[in-house]
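Worksheet: one structure, shown below.
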Amino acid sequence: MAQPQESEILIAQAQTNETIFTTQTPDQLNATDNTNYELGLKFQSFTAGQITAIRYWKASSETGSHIGRIWSSTGDILASVTFSNETDSGWQQQALSSPLSIQANTTYVVTVSVNQYFVVTDNNPLASSVVNGNLSTVADGNNGVNGNLGSFPTNSYQNSNYFRDIVFVASGPRPSNAIVLENQNTGTRDWQITNQASNEISGYAAATSVNKGDLLPIKVSLAQPGQFTIDVYRLGYYGGNGGRFILSSGSLNGITQPDCIITDSNTKLVECNWSTSYTLAVGSDWTSGLYIAKLTDASSGKQSQVWFVVRDDSSTSDVLFQSSFNTLLAYNNTGGYSLYPFNSVDQQPALKVSYDRPFSETTTQTGEFNNLLRWEYNMVRWLESQGYDVTYVTNVDVHSNSQLLQQHKVFLSVGHDEYWSDDQRNHVELARDAGVNLAFFSANSAYWRVRFENGSNGGINRVMVCYKNAATSAEPTNKFRSSLNNRPESALLGVMYIGDKDDVYGGFDFVVKNTNDPYYANTGLNDGDRLSQLVGFEWDAVNPNASPSGLVVLAESTLSSDLSASDLEGFPSTTDPRISNAVRYTAPSGAKVFATGSIQWVWGLDSDGVNRPREDDRAKQIAVNVLANMGAKPLTPSSFIVVPS
């Protein structure tokens, strides 16, 4: 028998009546303003189904007839009923003449009229969601609505609860996926470093990613031989903890591995030829994701991390999240050299860098901007909190597998995605041209062209080559926009890198434009409105010299202070590098392409661990709109989110 895909997993539920309120009781049982009202409640269901009845709590002094109504979020009456055979007070319930079908993750409003007296709990009882079964109130800061009798109510006072409710029957089992199920596990913060190592303990994995069910060798070196442990965690949401404990190696015997050495003096390639300390058996039941192997030296208590991705090569998830391991490698200076002068010996950068080294970002260079936990972690938390159907890979996987993207609806680039191979660029463009949607919640993406070589020990694609200013026609590993390559990034993304301000937790405001665009639906934003500090530390801009047709500019934001750096190559000479753009376009294949034009835009979705948090519900609604337009919808959206139909 064929097994269901992850996206088809269902949680079985009994087909029973559900209500929003169960044991809650009003604080005020006989309130009055000496006037009549339409009092209501905004709500959603996690699954489609039918409303069979309307309920409300009647005040003891209230008299006269009462009409219950179900409204759409825009004020259309979908069903109504007049109550009969009411009791003097307490809960009243009236069946609809015929059940009303409603959609999942869609906001509706239930109201019941009042002639003079009503019950209420004020002081923000609906500021957070009330959840029961499939049903949830909407925590949009404007619930517990009131208005003129018989009219659609839009006013709210202190998110008050007037105890309006429904009786609901789900039409089938509640949909789920591997991410929803995974995040029901108990989370922990123990994946975090609490006693940072410098050189006491370090390690690396034999591959950037591993398919579930396969083996991953991990290589560890201790400054002093002794005992150490490896604890493996998966990053996710997990109720806000950000990670889940998977397994521990137990106590292992550790050695001091040979020094990492320059194996090619012409290119300053540094490689470590370490023996395997532990072979991680990745379970076939593990969920694809970003993983951390936390290393702890028993004698000193010092800790470092090994980062890797668990893939699911059979997955057809909605979203394919590409982790930018190439960028992490480019800035890694273990052994003395990276691709940059600023952290290389004598300011002399390497032309080749190896994955067969610990990431210096996990040991001696923890302040480096480019870190797995800087931007990608926040996007993972938000995606998984919302129940998106997502699996994970690295740049190396996209480089190696031409068909990988075409198993999914959306390709996702996040944060700082600077280094791409020519094959990776080709594979992403082929996917777009085959109808796969591209979402760049990143900036400075596809900037440097690289190529891969095998490592000295035979490892496949373990050495990344980028000659930059030393590039030639025979070795064209420099900027994609250069005359050697003539493939400006903007031809793919719609924007390309133009400027940066080297303040990792700084930034400037994202200023919206063309807010009549569907990507701004349900945000309440108007042209010129700002989302605070979502642009930085590097940003992109529209390049009129190489723009896709039909490009829509969604934001135009301007840095008000001095830049740290800029690159105007390929832009018109009058271009202002202080301006950043967010854009979208539709490719001839019908594929949607979206780019935030900012590395740190994801902090508007989740700011865990971010200095100066900047989460913004409007940014979250934009992201939902973008992904829904690309065919990916959340199964557990926040209650204030409106999921486009």
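Would you point out the residue of the range 76-96, among those that are assigned to a loop (DSSP other than H, G, I, E, B) and in contact (Cβ under 8 Å) with a residue 24 or more places away in the chain, that is least open to solvent (accessible area, probe 1.4 Å)? Residue satisfying both the conditions and the ranking: PHE83. Of all the residues in the range 567-581, those that are open to solvent by less than 40 Å² (accessible area, probe 1.4 Å) and out of contact with any helix residue (DSSP H, G or I) (no Cβ under 8 Å at 6 or more places or on another chain) number 5. Condition check: touching a strand residue (DSSP E or B) at 6+ places or on another chain (Cβ under 6 Å), touching a residue at least 40 places away in the same chain (Cβ under 8 Å) and either part of a loop (DSSP other than H, G, I, E, B) or β-branched (Val, Ile, Thr) (or both). Does ASN143 satisfy that? In short, yes.
Against the list (1) out of contact with any Gly (no Cβ under 6 Å at 6 or more places or on another chain); (2) touching a residue at least 40 places away in the same chain (Cβ under 8 Å); (3) on the phi < 0 side of the Ramachandran plot, the condition GLY597 fails is (3).
Within the range 188-206, if we keep just the residues that are in a loop (DSSP other than H, G, I, E, B) and crowded, with 21+ Cβ neighbours inside 10 Å, the residue that is nearest to the chain's Cα centre (by Cα) turns out to be TRP191.
Checked against (1) more than 21 Å from LEU373 (Cα to Cα); (2) over 31 Å from the mean Cα position of the chain (by Cα); (3) in a loop (DSSP other than H, G, I, E, B), VAL169 passes all but condition (3).
Rundown of residues vs (1) open to solvent by less than 20 Å² (accessible area, probe 1.4 Å); (2) closer than 24 Å to GLU418 by Cα; (3) at pLDDT below 95, yes/no style:
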site: LYS501; (1), (2), (3): no, yes, no
site: VAL504; (1), (2), (3): no, yes, yes
site: VAL512; (1), (2), (3): yes, no, no
site: ASN516; (1), (2), (3): no, no, no
site: ASP529; (1), (2), (3): no, no, no
site: GLN533; (1), (2), (3): no, yes, no
site: ASN545; (1), (2), (3): no, yes, no
site: LEU551; (1), (2), (3): no, yes, no
site: ALA555; (1), (2), (3): yes, yes, no
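Looking at the range 468-490, which of its residues are outside any loop (DSSP other than H, G, I, E, B) and within 25 Å of VAL593 (Cα to Cα)? Of everything in the range 468-490, those that are outside any loop (DSSP other than H, G, I, E, B) and within 25 Å of VAL593 (Cα to Cα) turn out to be LYS479, SER490. Just one of the listed residues (TYR331, TYR278, TYR291) is aromatic (Phe, Trp, Tyr) and more than 24 Å from the chain's Cα centre (by Cα), and it is TYR278. Close Cβ contacts (under 9 Å, 6 or more residues apart or on different chains) running from residues in the range 526-551 that are without any contact (Cβ under 8 Å) to a residue 40 or more places away in the chain to residues that are among the charged types (D, E, K, R) and in a loop (DSSP other than H, G, I, E, B) comprise ASP527/LYS513; GLY528/LYS513. Identification of strands (runs of 3 or more DSSP E) wholly contained in the range 390-467 with 2 or more residues that are more than 23 Å from VAL495 (Cβ to Cβ) and open to solvent by less than 20 Å² (accessible area, probe 1.4 Å) yields 390-394, 463-465. Pairs meeting the criteria (first residue in the range 318-334 and farther than 11 Å from TRP307 by Cβ and open to solvent by 10 Å² or more (accessible area, probe 1.4 Å), second residue assigned to a loop (DSSP other than H, G, I, E, B) and among the small types (Gly, Ala, Ser), beta carbons under 7 Å, at least 6 apart or on different chains) are ASP318/GLY631; ASP318/ALA632; TYR331/SER338; ASN333/SER344.
Condition check ((1) open to solvent by 10 Å² or more (accessible area, probe 1.4 Å); (2) among the aliphatic types (A, V, I, L, M); (3) closer than 25 Å to ASP617 by Cα) across all residues:
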position	(1), (2), (3)
ASN142	yes, no, yes
TYR157	yes, no, yes
SER160	no, no, yes
PHE163	no, no, no
SER176	no, no, yes
VAL180	yes, yes, yes
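Can you name the residue in the range 589-639 that is open to solvent by 20 Å² or more (accessible area, probe 1.4 Å) and farther than 27 Å from GLY536 by Cα and, of all such residues, is farthest from the chain's Cα centre (by Cα)?
Residues of the range 589-639 open to solvent by 20 Å² or more (accessible area, probe 1.4 Å): 589-590, 592, 608-609, 611-613, 615-618, 620, 629, 631, 633, 635-636, 638.
This time we only want the ones that are farther than 27 Å from GLY536 by Cα, so: 589-590, 631, 633, 635-636.
Details: SER589: 26, GLY590: 24, GLY631: 15, LYS633: 12, LEU635: 14, THR636: 13 Å.
Applying the filter and picking the extreme gives SER589.
The values are calculated or read from the model by the stated rules, or taken from the named source; none is laboratory data. Everything numeric here is computed off the predicted structure, so don't read it as measured data. Here the Cβ is made from the backbone with ideal geometry for all residues, glycine too, and neighbour counts use every protein chain on show. With ligands, DNA and RNA removed, areas are computed over all heavy atoms of the protein, side chains included. Shrake-Rupley method; radii C 1.70, N 1.55, O 1.52, S 1.80 Å.
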